[in-house]
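Student: To start, I am sharing the structure in question, which I have written as structure tokens.
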Amino acid sequence: MQSANKGLRGPALQAALVLGGLALLGSVFLPYWQLKITAPQYPKGLRVQVYLNRVEGDVQEIDTLNHYIGMRPLVDAAKLERSISLAGVIALMFVLLSAVFYQGRFSLLLLLPAAVFPAVFIGDLYYWMRDFGLNLNPHAALSSSVKPFIPPLFGEGKIAQFKAVAWFGAGFYLSSFTSLVSAAVLALRLFGSRKSR
Amino acid sequence: MKTNRFKRAMTAVAAAALFFSNSGFVLAEEAKKPLPSSAMEEAKRRGLTPDDITAAVSTYMPSGQYDEYYMFASGGQSGQVFVIGLPSMRLLRTIAVFTPEPWQGYGFGERESATAKLPVSPDGKPITWGDTHHPALSETNGDYDGQFLFIGDKAHARLAVIDLRDFETKQLVDNPLMHNDHGAAFVTPNTEYVVEGSQYAEPLGKVYAPISQYKETYRGLATFWKFDRQKGRIDPANSFAIELPPYWQDLADAGKGPSEGWAFINSFNSEMATGGIEDGNPPFEAGTTERDTDYLHVINWKKAEELIRQNKAETLEGMKLITLKTAVEEGVLYFVAEPKSPHGVDVTPSGKYMVVAGKLDPHVTVYGIENIKKAIAAKDFEGKDDFGVPIIRFDAAKVAQVELGLGPLHTQFDDKGYAYTSLFLDSAVARWTLGDDKYKAPEKPWTLVGKTPVQFNVGHIATAEGDTVNPDGKYLVSLNKWSVDRYKNIGPLLPQNLQLVDIGKTGDSMKVLYDLPIGVGEPHYAQIIKADKIKSWEIYPEVGWDPLQQKKSGVVALEGKIERNGDRVDVYMPVIRSHFDPEHIEVEQGQKVTLHLTNLERTLDATHGFCITGYNLSASLEPGESVTLDFVADKPGVYPYYCLEFCSALHLEMVGYLLVKPKSKG
């Protein structure tokens, strides 16, 4: 028991948690999700990069195209989430880092948010994709030819004449690293200590 | 087994190619493979020769591949400039310059446009066409820099500035002293000045004088327009002109290297013939060609610039003018005899020699700048003309004369030591060697190497960067005046014929590769620049761009609104696929309407056009562009306005209504 706990408190895991915290912070500067759509008249394609707090890329052109199918402008999506995302991530980081020093029973609660964060991101993204894709303005010009749809979250899809490819960005993978580290520590603290008991 | 069959097939193809060409004709060096049999069959069916096939594969441009060069060709009486890709000879763009042009919305109600300052004819109406003759690309150290293009209007003595960031005309300047020009435009090696030489002598200042006082009051003119590169504008206040005798000045070129600081203009009608065929006088065509020689004008423009600084110029109609008397006294102007009625005077790449093409003389005459400078210093003159201009002794200035053929007109250069001269009467292009210039040809200096027939009546020629200090060689374009039988007849007005000629190899090897008919106007001269020197914009840098000022406009319509102020109505109208905002404009008859249009698009090629039916208004709104249109709503009625470019699937729906309510009676 003693030795196992000592291992848990060992510098390696602490370092992993610190690293996880830094990775989470760093993920803010990198895109979490990316979409590229191509069509004959857009040989270079159009791209959007979704960051935690903003959307970059060919947003204006995509909005222009989207208005034909009655989709709302991208800026209307996830307004609340984007506005609190920076503060949220910093808070998440501090909560995670506090688990470096506090290893009591409730430290599991400190590890849990970071562990589930990427899943929350995906869930929220999917919610908005669904909301945007299914709630098209029925009066839009192309409402008869483009029916409500859910854009691809990952992989390929087709929207009117566009081929769409979606993939997760470096930011997402950084936060996934944090998530794995947190989950691993959580598991070790939970099951490691139980076993030794 | 499989390999064997493949080998056999390849051998058959190779045999077919050999059979066809007799000479084991192979494609471009990369290939080393025979043409595919389908191509050979097609070539055989069409009766193409190996030379034809070479020409075809040298010029064919697969979809999506880009040309190596841009050629800027004047459009003659179309008043435009044509941009043509080489070697494909595809017309890429027409640039509106002196003539209103609806596609570009040029000259149709735009408040801020180069045409807003069009000169007016004596009846007060704007002049709405031009006769573009000689394009000139801006230069840095004697090399094209790809920033600006200038072109003259022979019919109205105007000069235009085109910015190559967006290929649009930015400025027209009107010569206040003359109605016509010819030697325009030619730039000095760092584009300090854009030179405009006059053609037909007139009383200076656009005034009346009887033709009986031709010698006393009619004059020629060399105008040195100061170019402000920073502003991208000609600066008339710092420009000057030099008064010349009433000979008809023709083409011009600026010296470079050892001849930098000098300008050369040739002339005809040193006889000062005044025509009058109707009175039994010799017609101009006879009177102006009586003497055997005319005068090459040698102008020291650096010295002239100095005189301007020393306030030794007069001012006429707002233009600083160095009088003929001052020019002679201060050593600004000299003459050298040249074979009569020549056309081009062209400075070689080294800047050491000036080549004058005889036109009515089978020779080109080559003058040396060192010879000229020495003769001037030694006062080695053979006399003075009637106006006191010293005439440098011909043999002192001349370096060589090369007999080329009939009707030599204009000369260009390459990177192999050759000069090329168009032969108008022979309908051919001559290749000949320079001596002791920047590049050395394998043949002996100052000799004719070969001639290639062109179809027909060639005027100017252009080689790739052929009038710079670093010509590229490779291609020559022959700008032929007559096409005669080159195309199936399309009525009595025949197209001009621009021919691409391969000049890549030395010796007597020039070959015509491609014919491009131009059915819009008569290109006079062209310049050819390496395409990668031009850094043009794909879309305007910011939304709300004013292309005339090349900066963001003070009025950008981001949201649709209508402001009414007494008789004035200002409409702010953003434009984006696929709607205008607002879509209803209601005004009272007689109200002055200003439309502030802004294209919000940021996507390549998302251009919108705008027109109001019935009001002679047309605008082109490239992505990011702002345009201001003024009109008086003087005709009551209902006028749809709509997008002129097929911008999107909803293009036809991109429309609005101008509703002009009749003025209530009483």
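The values are calculated or read from the model by the stated rules, or taken from the named source; none is laboratory data. Keep in mind the model is a prediction, meaning the values are calculated, not measured. Cβ coordinates were reconstructed from backbone atoms using ideal geometry, including for glycine residues, and neighbour counts include every protein chain displayed. Just so you know, the surface numbers come from the protein's heavy atoms only, side chains and all, with ligands and any DNA or RNA stripped out. Shrake-Rupley method; radii C 1.70, N 1.55, O 1.52, S 1.80 Å.
Student: Enter the angle in degrees (range 0 to 90, nearest 10) between the Cα long axis of helix A:170-187 and the first principal axis of the Cα atoms of chain A, meaning the one along which they spread out most.
Tutor: Around 30 degrees separate the two axes.
Student: How far apart, in nm, are the 7 Å Cα→Cβ label points at B:Ile562 and B:Tyr657?
Tutor: About 1.1 nm, to one decimal.
Student: Shape verdict for chain B, please, from the Cα gyration tensor: rounded (a/c under 1.5), prolate (a/b greater than b/c) or oblate. The partial results should precede the final answer.
Tutor: Numbers: a/c = 2.07, a/b = 1.11, b/c = 1.87.
Note, shape of chain B comes out oblate.
Student: Another question, if that's okay. Can you give the relative contact order of chain B as a percent, counting alpha carbon pairs under 8 Å and 6+ residues apart? Could you put the intermediate results ahead of the total?
Tutor: Numbers: 1821 pairs, mean separation 64.8, N = 666.
Taking the mean separation of contacting Cα pairs over the length of chain B, I get 10 percent.
Student: Continuing with this model, one more query. On a 0 to 90° scale, report how tilted helix A:11-27 is relative to the longest principal axis of chain A, with both axes built from alpha carbons and the result rounded to the nearest 10.
Tutor: 20 degrees
Student: Can you pull out the chymotrypsin sites (Phe, Trp or Tyr not before Pro) in region B:57-95 that DSSP calls coil and that have at most 13 other Cβ atoms within 10 Å? It would help to have the intermediate numbers written out before the result.
Tutor: Working: sites: B:Tyr60, B:Tyr66, B:Tyr69, B:Tyr70, B:Phe72, B:Phe82; in loops: B:Tyr60, B:Tyr66.
Those that pass, being in a loop and sparsely packed, are B:Tyr60, B:Tyr66.
Student: Please list the helices of chain B that count as membrane-span-like by this rule: a mean Kyte-Doolittle hydropathy of at least 0.0 together with Cα atoms stretching 20 Å or more along the helix axis, each helix being a complete DSSP H run. Please list the in-between numbers first.
Tutor: Working: long enough: B:2-21 (29 Å, 0.33).
Both cut-offs are met by B:2-21.
Student: Okay, next question. Pop the C-beta distance of B:Gln549 and B:Asn141 into the FRET formula with R0 = 25 Å and round what comes out to the nearest 0.05. Could the numbers behind the result be given before it?
Tutor: Values: r = 29 Å, r/R0 = 1.14.
So the FRET efficiency works out to roughly 0.30.
Student: Okay, moving on. Give the long-range amide H neighbours of B:Thr223: residues separated by 5 or more places, or on another chain, with amide H under 5 Å away, using H modelled in the peptide plane at 1.01 Å from N.
Tutor: Close amide H contacts, sequence-distant or interchain: B:Glu196, B:Gly197, B:Ser198, B:Ile242.
Student: Sticking with this structure for a sec: Each residue of region B:290-298 in turn: what ³J(HN,Hα) in whole Hz from Karplus with 6.51, -1.76, 1.60 and θ = phi - 60°, glycine and Pro shown as x?
Tutor: 5, 6, 7, 10, 10, 10, 6, 8, 10
Student: Helix A:79-101 versus the longest principal axis of chain A: what is the Cα-based angle in degrees, 0 to 90, to the nearest 10?
Tutor: Compared with the principal axis, the helix lies near 20 degrees.
Student: B:Ala378 to B:Ser664: FRET efficiency via 1/(1 + (r/R0)^6), r the Cβ-Cβ distance, R0 60 Å, to the nearest 0.05?
Tutor: On the way: r = 86 Å, r/R0 = 1.43.
Computed FRET efficiency for B:Ala378 and B:Ser664 comes out at 0.10.
Student: While we're here: Taking chain A as a Gaussian network, where each spring joins two C-alpha atoms under 10 Å apart, which residue of A:Gly26, A:Gly104, A:Gly88 fluctuates the most?
Tutor: Largest GNM mean-square fluctuation: A:Gly104.
Student: Still on this structure, I have one more. Do you know the relative contact order of region B:484-607, to the nearest whole percent, from alpha carbon pairs under 8 angstrom that are 6+ apart? Could the numbers behind the result be given before it?
Tutor: Details: 158 pairs, mean separation 21.5, N = 124.
Relative contact order here is 17 percent.
Student: Can you list residues from other chains, or at least 5 along the same chain, whose modelled amide H is less than 5 Å from the amide H of B:Val332?
Tutor: Those lying under 5 Å, H to H, from B:Val332: there are none.
Student: Picking from B:Thr603, B:Leu321, B:Leu498, whose Cα lies most toward the positive end of the charge dipole for chain B (charges on Cβ: Lys, Arg +1; Asp, Glu -1)?
Tutor: About the Cα centre, the residue reaching furthest to the positive side is B:Thr603.
Student: Between the chain alone and the structure with every protein chain in place, find the residues of region B:637-651 that drop at least 50 Å² of accessible area; heavy atoms, 1.4 Å probe.
Tutor: Those residues are B:Leu650.
Student: Interface B/A, total buried accessible area with a 1.4 Å probe, nearest 100 Å²?
Tutor: Numbers: alone 28330 and 10970 Å², together 38590 Å².
Approximately 700 Å², summed over both chains.
Student: Report for the protein assembly as shown the percent antiparallel among DSSP-assigned beta bridges with both residues inside it, nearest 5. Please list the in-between numbers first.
Tutor: Working: 174 of 194 bridges.
So the antiparallel bridges amount to about 90 percent of the total.
Student: Summing -39500 (n - 2.57) over the DSSP H runs of n ≥ 4 in chain A and dividing by its residue number, what mean residue ellipticity at 222 nm do you reach, to the nearest 500 deg cm²/dmol? Don't jump to the answer; show the numbers that get you there.
Tutor: On the way: 7 runs with 109 residues, N = 197.
Helix-only estimate at 222 nm: -18000 deg cm²/dmol.
Student: Here is a further query. Calculated FRET efficiency, A:Leu109 and A:Arg72, Cβ-Cβ r, R0 25 Å, to nearest 0.05? Before the final figure, lay out the partial values.
Tutor: On the way: r = 37 Å, r/R0 = 1.47.
E between A:Leu109 and A:Arg72, to the nearest 0.05, is 0.10.
Student: I need the chymotrypsin sites (Phe, Trp or Tyr not before Pro) found in region B:397-461, filtered to DSSP loop residues with at most 14 other beta carbons within 10 Å of theirs. Write out the running numbers ahead of the final one.
Tutor: Details: sites: B:Phe413, B:Tyr418, B:Tyr420, B:Phe424, B:Trp432, B:Tyr439, B:Trp446, B:Phe456; in loops: B:Phe424, B:Tyr439, B:Trp446, B:Phe456.
Counting only loop positions with at most 14 other Cβ atoms within 10 Å, none of the chymotrypsin sites (Phe, Trp or Tyr not before Pro) in region B:397-461 qualifies.
Student: A further question on this structure: Tell me the mean residue ellipticity at 222 nm calculated for chain B from its helices only (DSSP H runs of n ≥ 4, each -39500 (n - 2.57), averaged over every residue, nearest 500). Each step should come with its number before you reach the end.
Tutor: On the way: 9 runs with 76 residues, N = 666.
Taking each H run of at least 4 residues, the total per residue is -3000 deg cm²/dmol.
Student: Less than 28 Å apart at the alpha-carbon level, and either on another chain or at least 8 residues along: which lysines does that give for A:Lys158?
Tutor: The qualifying lysines are A:Lys36, A:Lys44, A:Lys79, A:Lys147.
Student: Taking H placed 1.01 Å from N in the peptide plane, check which residues at least 5 places from B:Tyr525 or on another chain put their amide H under 5 Å from its amide H.
Tutor: For B:Tyr525, the qualifying residues are B:Ser74.
Student: Counting alpha carbon pairs within less than 8 Å and at least 6 residues apart, what relative contact order, in whole percent, applies to region A:79-197?
Tutor: Values: 83 pairs, mean separation 32.4, N = 119.
27 percent.
Student: Another question, if that's okay. For region B:176-220 and region B:308-345, what is the separation of their Cα centres, given in Å?
Tutor: Cα centroid to Cα centroid, the span is 11 Å.
Student: Could you count how many Lys pairs in region B:441-522 have their Cα atoms under 15 Å apart, skipping same-chain pairs fewer than 8 positions apart?
Tutor: On the way: B:Lys451/B:Lys505; B:Lys451/B:Lys511; B:Lys474/B:Lys505; B:Lys474/B:Lys511.
Within region B:441-522, the lysine pair count is 4.
Student: Please identify the chymotrypsin sites (Phe, Trp or Tyr not before Pro) of region A:19-67 that satisfy two criteria: DSSP loop assignment and at most 16 other Cβ atoms within 10 Å. Which are they? If you can, show how the numbers build up before the last one.
Tutor: Values: sites: A:Phe29, A:Tyr32, A:Trp33, A:Tyr51; in loops: A:Phe29, A:Tyr32, A:Tyr51.
For chymotrypsin sites (Phe, Trp or Tyr not before Pro) across region A:19-67 that sit outside H, G, I, E and B with at most 16 neighbouring Cβ atoms in 10 Å, the list reads A:Phe29.
Student: What is the distance in Å between the Cα centres of region A:128-166 and region B:373-420?
Tutor: 74 Å
Student: Here's a follow-up. Across region B:483-495, in residue order, what do the Karplus-derived ³J(HN,Hα) couplings come to in whole Hz, using 6.51 cos²θ - 1.76 cosθ + 1.60 with θ = phi - 60° and x for Gly and Pro?
Tutor: 10, 6, 10, 6, 10, 4, 4, 10, x, x, 8, 8, x
Student: If I model a spin label at B:Asn311 and B:His584 as a point 7 Å from the Cα along the Cα→Cβ vector, what separation in nanometres do I get?
Tutor: Reported label-point gap for B:Asn311 and B:His584 is 6.7 nm.
Student: Let me know the charge dipole size of chain B about its Cα centre in debye, to the nearest 20, where only the beta-carbon of Lys, Arg (+1) and Asp, Glu (-1) is charged. Please list the in-between numbers first.
Tutor: Working: 69 positive and 89 negative charges, 312 e Å.
Dipole size: approximately 1500 debye.
Student: If you plug each phi of region B:626-634 into the Karplus form 6.51 cos²θ - 1.76 cosθ + 1.60 with θ = phi - 60°, what whole-Hz ³J(HN,Hα) values come out, in order, with x for Gly and Pro?
Tutor: Whole-Hz 3J(HN,Hα) from phi for region B:626-634: 10, 10, 10, 10, 10, 7, 9, 7, 8.
Student: Given a 1.4 angstrom probe, what's the average accessible area per residue across region B:144-250, in square angstrom?
Tutor: Working: 2930 Å² over 107 residues.
Ligands and nucleic acids excluded, the figure is 27 Å² per residue.
Student: Run the numbers for B:Arg45 and B:Thr447: contour at 0.36 nm per residue of separation, minus the present Cα-Cα distance, in nm.
Tutor: Value of the extension gain: 140.6 nm.
Student: Does a label point 7 Å from the Cα of B:Tyr60, set along Cα-to-beta-carbon, have any residues of region B:491-521 with amide nitrogen under 16 Å, and which are they?
Tutor: From region B:491-521, the list is B:513-515.
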